[in-house]
1. Applying the selection to the range 56-87, what residues are loosely packed, with under 15 Cβ neighbours inside 10 Å, among the charged types (D, E, K, R) and touching a residue at least 40 places away in the same chain (Cβ under 8 Å)?
2. Just to be sure I understand, how many residues within the range 25-37 are without any contact (Cβ under 8 Å) to a residue 24 or more places away in the chain and surrounded by 13 or more Cβ atoms within 10 Å (Cβ to Cβ)?
3. Looking at (1) surrounded by 14 or more Cβ atoms within 10 Å (Cβ to Cβ); (2) in contact (Cβ under 8 Å) with a residue 60 or more places away in the chain, which is the only condition residue 13 fails?
4. For residue 53, indicate whether it is surrounded by fewer than 12 Cβ atoms within 10 Å (Cβ to Cβ) and touching a residue at least 12 places away in the same chain (Cβ under 8 Å).
Amino acid sequence: MAQPSRFWRIADQADLAWRQWDGEYVFHHALSNDTHRLADAAGALLGFLRERGEMEEPALAEACGLHEDDLDVILAALAKIDFVAWR
């Protein structure tokens, strides 16, 4: 039985400031005061979530042009640093 897809959003506690240069994104997480350099795919994914508020996994994968497995890896990494959350 297939699991229902998750809806992803920017985490409530993530007060993110960001900049983009030459295919890389730099995000600063105000709560933790950590700065992270992200590859283009992860930065674009966060951009879609910032614009749309919340997206279901299949729609997010399509919008970012990512395979489902790649999307899962990126979302897991972003969740680990408290940038994104799901419901």
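Rule-based calculations on the coordinates, nothing more; no lab input. All of these numbers come straight from a predicted model, not from anything done at the bench. In this analysis, Cβ positions are derived from the backbone assuming ideal geometry, glycine residues included, and neighbour counts consider all displayed protein chains.
1. 56, 87 - these are the residues of the range 56-87 that are loosely packed, with under 15 Cβ neighbours inside 10 Å, among the charged types (D, E, K, R) and touching a residue at least 40 places away in the same chain (Cβ under 8 Å).
2. 3
3. Among (1) surrounded by 14 or more Cβ atoms within 10 Å (Cβ to Cβ); (2) in contact (Cβ under 8 Å) with a residue 60 or more places away in the chain, residue 13 violates only (1).
4. Taking the combined requirement at face value, the residue satisfies it.
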